[in-house]
Protein chains: 4
Amino acid sequence: MRVKRKDTKKRILESALKLFSEKGIRETTIKDIAKEVGITEGAIYRHFTSKDEIVRGLFGMYSEEFYDRLMLAFEEKTYRDKFYRAVEEFLSFCFENPEAFKYLDLFHYLRAEEVKEFKKLPKDAILKLLEEGRGVIKIRAELALAMFVGTLERVFLFTQAGLLEKYKDIKGEVADLLWKALTSQ
Amino acid sequence: MRVKRKDTKKRILESALKLFSEKGIRETTIKDIAKEVGITEGAIYRHFTSKDEIVRGLFGMYSEEFYDRLMLAFEEKTYRDKFYRAVEEFLSFCFENPEAFKYLDLFHYLRAEEVKEFKKLPKDAILKLLEEGRGVIKIRAELALAMFVGTLERVFLFTQAGLLEKYKDIKGEVADLLWKALTSQ
Amino acid sequence: MRVKRKDTKKRILESALKLFSEKGIRETTIKDIAKEVGITEGAIYRHFTSKDEIVRGLFGMYSEEFYDRLMLAFEEKTYRDKFYRAVEEFLSFCFENPEAFKYLDLFHYLRAEEVKEFKKLPKDAILKLLEEGRGVIKIRAELALAMFVGTLERVFLFTQAGLLEKYKDIKGEVADLLWKALTSQ
Amino acid sequence: MRVKRKDTKKRILESALKLFSEKGIRETTIKDIAKEVGITEGAIYRHFTSKDEIVRGLFGMYSEEFYDRLMLAFEEKTYRDKFYRAVEEFLSFCFENPEAFKYLDLFHYLRAEEVKEFKKLPKDAILKLLEEGRGVIKIRAELALAMFVGTLERVFLFTQAGLLEKYKDIKGEVADLLWKALTSQ
DNA sequence: AATGAATGAGATTTCATTCAT
DNA sequence: AATGAATGAAATCTCATTCAT
């Protein structure tokens, strides 16, 4: 019965994320996670000291990964390219990690106090981009952030929900939309 | 003896909403709600048959109210005025019912299946508005919906979180931003 | 099935004491206590917020009662009578509350830090008595306390264990023994 | 490589004793002991088949050592010297092995049944001494035992707790006290 | 000998719901 | 209508012990 595998810790995180995004954190029990991984409840506690540690571990992990992806935008030369690249990376991350995104989103803004300990928050990457664009971006950075994040978020969620067709170049389409909206006031 | 108390049922809903938006649904116990109202656990069950009934009751109530508010936009004459009125009503509702909004938002789009029974969903009001604007609105209605809803949502949440200053005419500012974004592609 | 009784809280304390002294605190489960009382585990938590609260509650309750009993010695006129009365009350309390005594003893001196919050500790009543006897009692009060408490404790425990016969006037016999020991150096 | 480490079995017993006397038996986990020794849980089971075996092993070991120490009293010539030597050995053992003593004490008299298998119980050495003193000791041996053991026990515990100063000749002081108490009725 | 992941049983605690009053 | 004790199911967590390596 003892299935041997090296990466139990990683598998716990993955299963937890899947279940958290499907059912919510509170609705997901340690037993659920254990069953998904294929181990017993007690075994979870060799890798994490509490359910909360799993939650925070997940948030930190994906938050950082998302942040790093967004920061790739700064590799581009022109500001316009940086902007388009940021949109591209944002949506790519969402579609590649839909569960993580839903989970992050939920956690992110609704429980702001609990997030303070994390250094690399995705929103900070975007804010940096928008502040760098002062002059090109016609409105104050925080309002631009709201439109940028809000729009991409909804695009992703509507696509997931089937409300919006995820056809070929939705990334380019949305990038155009946002670029015009924020630069041509 | 003559003090007219709002009837208990209403007070239960209000207290539940407050606690749900503060701590989440699962984290809020019937005992918490009872204490907030100033009655005991058993008494709750005089008015609702289950905790779930409270949840659905709340969602239906605020969802409908929000929908009705948004539909007021159609009282305006010109399309532009309707659009501006919708933004105005959206943000007014949010700021007047911040708890309800946070709560609704969460429930709304992330758990689409659970929402099917409700006829008057806020998103349908906005969708109707955007479809009526075909011609003026340059992009397909669903994408416009994503930007419209996403932006307003984030404006509200950022304002609540202190990231965005809620100065005098934020409603007008945001309405301008959205109007230009959606009409001038 | 729902047996109606007013004093569930008291019954919980009594059952807990019985089991604690029989099996030890850690070895006694909430389930054990519940079964002994004739209710379910959950019901315990309507009366106490944790197992620890039961433990501290018990200690405080019996500690105070024991203290009050010992303080009755000061009702007597002569010092000798006070001394004899204290011995009498000490042993009476032990034989009337054997479980409490074993439990108290265990808790008392082995986990001194945890006991600080309690004001009326039995040992303080005895210490007061011995200090009042300065002059009559020939040795320093703390050493006298050790002999007084140690002897009575062992007399009780040996009697309980069947090592010592609990015949008619053991209280008088022990009081004589202690009185002579402490006054005639 | 040449550092001769005390063998693991002994180190386990020592660590276990330390933790048992600090936190109690049930409160001490195998993992705690392993960490204290510097090995892992599984390794413990190379040396002991169960936690209970550690417990009984410890009790037997210290009980016997204590017994042997007390029996040294019989090396003395006169009865008075035997008595004084017994007090001396009793307290020496306590102060040298405070953890063992606390642990033994607890176990010793409160759970008499569990102790039956052990042949050399400290109390039997004392009882032997007191019985040999018939004539000199004025009271029945069991009562004398209670005073002897109880007083010494409390002297040790109070000293440990800081209630009693452990100055130069406390052993002689206590021996005098007990000798007079038991012989001059 | 030793490691440390895993098991499995059980302990504490929580809580929606029921029910006698 | 209301109270609040009690139920019962389930959740989190603990830990002695086993076992593959």
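Restricting the search to helices (runs of 4 or more DSSP H) fully inside region A:1-88 and requiring at least 1 residues that are away from DNA strand E (no atom under 14 Å from the Cβ), of a type in the set (A, V, I, L, M, F, W, C) and surrounded by 16 or more Cβ atoms within 10 Å (Cβ to Cβ) gives A:8-23, A:51-71. Of all residues in region C:53-81, those being modelled with pLDDT of 95 or more and farther than 15 Å from C:Lys123 by Cβ number 9. For region C:126-150, filtered to residues that are aliphatic (A, V, I, L, M) and assigned to a loop (DSSP other than H, G, I, E, B), the residue that is surrounded by the most Cβ atoms within 10 Å (Cβ to Cβ) is C:Ile139.
Name the residue that is farthest from the other protein chains (Cβ to nearest Cβ), counting only residues in region D:7-51 that are more than 11 Å from DNA strand F (Cβ to nearest atom) and more than 29 Å from D:Ala161 (Cα to Cα). My answer is D:Asp7.
Restricting region A:151-172 to residues that are more than 7 Å from chain B (Cβ to nearest Cβ) and surrounded by 16 or more Cβ atoms within 10 Å (Cβ to Cβ), the residue that is nearest to B:Asp176 (Cα to Cα) is A:Leu152.
The values are calculated or read from the model by the stated rules, or taken from the named source; none is laboratory data. Nothing here was measured: the structure is a model prediction, and the numbers come from that model. When we count neighbours, we look across all protein chains shown, and the Cβ atoms used for this are built from the backbone with ideal geometry, even at glycine.
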